[in-house]
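What follows is a single structure, written as structure tokens, with notes after it.
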Number of protein chains: 4
Amino acid sequence: MPRSHKLVIGVMGPAACDPATAEMARAIGRGIAERGAVLLCGGRGGVMEAAAQGAREAGGTTVGVLPGANAEETPPNRHIEVALFTGLGEARNWVNVSASDAIIAVGGGFGTLSEIALALKARKPVVLLGSWRLEIEGNTPQIPRANTAEEALKLAFAAVEDR
Amino acid sequence: MPRSHKLVIGVMGPAACDPATAEMARAIGRGIAERGAVLLCGGRGGVMEAAAQGAREAGGTTVGVLPGANAEETPPNRHIEVALFTGLGEARNWVNVSASDAIIAVGGGFGTLSEIALALKARKPVVLLGSWRLEIEGNTPQIPRANTAEEALKLAFAAVEDR
Amino acid sequence: MPRSHKLVIGVMGPAACDPATAEMARAIGRGIAERGAVLLCGGRGGVMEAAAQGAREAGGTTVGVLPGANAEETPPNRHIEVALFTGLGEARNWVNVSASDAIIAVGGGFGTLSEIALALKARKPVVLLGSWRLEIEGNTPQIPRANTAEEALKLAFAAVEDR
Amino acid sequence: MPRSHKLVIGVMGPAACDPATAEMARAIGRGIAERGAVLLCGGRGGVMEAAAQGAREAGGTTVGVLPGANAEETPPNRHIEVALFTGLGEARNWVNVSASDAIIAVGGGFGTLSEIALALKARKPVVLLGSWRLEIEGNTPQIPRANTAEEALKLAFAAVEDR
């Protein structure tokens, strides 16, 4: 059966970032909306805000999956159209991953690292942009890495179409 | 600060229902979209599907919060625009409640009853339409009850504006 | 394969209660421990505290499943041996239900009502003691009801052995 | 107020491991029990099973926090005394972290990596034993690393006592 719900691309990243990183996140958000997909993020500041801004500028739908149970606990950024308060604390990171068809991680704190890990566990496509490098006992998991917003978008959408 | 994210009204109800109940759910979905709010539901059949259909017919945004981690586990109905797979099982009922500004319960199985209870616990507005009656040691919690879709919409939006 | 993990009986009830209800909850906790089962509860005061006290007095294991992420957010009562901070808010009610082989609801607020509903949804044995009465469109779900602690224990353990 | 609930040490690691890693996990489990703490793990095989075996051999309490909603979905290993079925899927990793006073990661797959990340995010003590190495833009987070079971136990209990 053809799916009728839209493609969802999650952009994960820290709640604070430098202007260059924000510009990249914004370009990624824009590209997601231009390709007709929904932009999903954690709903807070930094990378999440910039990605949502880009998606809105391109007329896209933005969903913010927030840890608190309401806007007083965790206010969404002003580019979030659908604020999904989960009341789950950091367990919402698992929702971010489950709800996305692919994940683009931009920069990264420990929350982003947990989302990368959960996505790899769920065999969900992940693209890294200036994010974590991982190694265990001499082995390095092969995770696609991009250097530009355009490259990240290409890798993420190609991975989704492969499935 | 004025909120920039949209109002979200949750319509809760069983995954199977008779045509008259479906018609009511559809009218409620339509009314939610006409008032500019997002329709949130559990994403499955019955009341959830009818409400999503109504909202889409009126050009609204529909969000389905699903228990499974992907479309194979829990396929969303075909009127869901944003399918939010949570991978949380029945804990997703708490997300439904947290993410909604008000809840309208149409008919009801035990899942719907849990959402009514969680909404009352979180002091979130709830409107019942042909749903559960509750009593404990001679006391009955005062929950607004509607007989028509129009009445349910009025009660839900009035409750949200009061806050 | 014979199970090696212990039987778990969940006692659900409000965080504040009158002395007579507390006495009943304590007797139920005692009976659970005497039968070799683990007492699981929400870890807070009232019914939860009394049940945990009874179980500890009989030398049993007590598990408190708490909504907060740590003891500062939601301090467990002093009869909880294993405090399981979930950081899930009210979604922890679903954990209470999943983790219990049977549920005894003593009295009840809306949180307890959500646990009764989730247990019925999951087809898990539930026994009510002075708790909620439910009705929908003239139908009343058949849920075993006890008048004494002893009767509640008998019904809960009989239901578990039937499975 | 002095806490009356027991100290909980979480041992995280993959569901399959080589005999040397299992021997280390077992020694860690034994040491946790000997120090009077509860052993918490994900309840499955491999590192989790070996740690639980060690704790039980030393007379300790073992808690397994499982992803499924019941033993059919996710059977606990035979050294788990209290099987806590969460029905939360991988969101149970956040429960593992919240419920532990400190985390020891032994080896590691992606699930373990998510638990390390969530623990670092929650500023919870983490000790690594032959587990992941992390780097981001030339920076490496300082996480205590042990080479033996004894060293891991010392680091974990010292971190808990510091708090």
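Things worth noting here:
- Placing a label point 7 Å from Cα along the Cα-to-Cβ axis, D:ALA58 is separated from the same position in the other copies by 3.1, 5.4, 6.2 nm, shortest listed first.
- Sorting D:92-102, B:121-131 by their mean Cβ neighbour count within 10 Å, with the most densely packed peptide first, gives D:92-102, B:121-131.
- Pairs spanning more than 23 Å between alpha-carbon atoms, out of D:LYS6/D:LYS124; C:LYS6/D:LYS6; A:LYS121/D:LYS6; B:LYS121/D:LYS124; D:LYS124/D:LYS154: A:LYS121/D:LYS6; B:LYS121/D:LYS124.
- Tail beyond 14 Å, pair distance distribution of segment A:122-163 (Cα, percent): 51
- Each Lys or Arg adds one and each Asp or Glu takes one away; over the other residues whose Cβ falls under 13 Å from the Cβ of A:MET48, this sums to +3.
- Inter-part distance where segment D:1-67 and segment D:78-141 are each reduced to a Cα centre, Å: 13
- Taking chain B and dividing mean pair separation by its residue count, relative contact order in percent (alpha carbons under 8 Å, at least six apart): 22
- Minimum 30 Å² accessible area buried by the other protein chains, segment A:1-41 residues, probe 1.4 Å, relative to alone: A:SER4, A:HIS5, A:LYS6
- Calculated from the alpha-carbon coordinates, segment A:31-106 shows an Rg and a Dmax of 11.5, 33 Å respectively.
- 1.4 Å probe accessible area per residue over the protein assembly as shown, in Å²: 37
- Over chain C, DSSP H runs of length four or greater, each weighted -39,500 (n - 2.57), average out per residue to a 222 nm ellipticity of -11500 deg cm²/dmol.
- Dipole axis of chain A (+1 Lys, Arg; -1 Asp, Glu on Cβ), positive-most option in A:ALA149, A:VAL97, A:LEU134: A:VAL97
- Segment C:59-101, accessible surface, carbon-and-sulfur percent (1.4 angstrom probe): 45
- The convex hull drawn around the Cα atoms of chain A, when projected onto a plane and averaged over every direction, covers 9.4 nm².
- Each Lys and Arg contributes +1 and each Asp and Glu -1, all at the Cβ; summed about the Cα centre of the protein assembly as shown, the dipole is approximately 0 debye.
- A Cβ-based charge dipole, computed about the Cα centre of segment A:66-159 with Lys and Arg at +1 and Asp and Glu at -1, lands at about 220 debye.
- Each copy carries D:PRO19; placing its label point 7 Å along the C-beta direction from Cα gives inter-copy distances of 6.2, 6.4, 7.0 nm, listed from smallest up.
- Virtual spin-label span in nm between B:ASN139 and D:GLN142, 7 Å along Cα→Cβ: 5.4
- Residues of segment D:134-157 that lose at least 50 Å² of accessible area (1.4 Å probe, protein heavy atoms only) when the other protein chains are present, relative to their chain alone, are D:GLU135, D:ILE136.
- Positive contributions from Lys and Arg (+1) and negative ones from Asp and Glu (-1), summed over other residues with Cβ under 9 Å from the Cβ of A:ALA33, come out at +1.
- Summed residue charge, Cβ within 13 Å of A:THR21's Cβ, Lys/Arg positive, Asp/Glu negative: -3
- Once D binds C, the 1.4 Å probe can no longer reach about 2200 Å² of accessible area, counting both sides.
The values are calculated or read from the model by the stated rules, or taken from the named source; none is laboratory data. Nothing here was measured: the structure is a model prediction, and the numbers come from that model. Quick reminder, even Gly has a Cβ in these numbers, built from the backbone with ideal geometry, and neighbours come from all protein chains shown. Note: areas computed on protein heavy atoms with side chains; ligands, DNA, RNA excluded. Shrake-Rupley method; radii C 1.70, N 1.55, O 1.52, S 1.80 Å.
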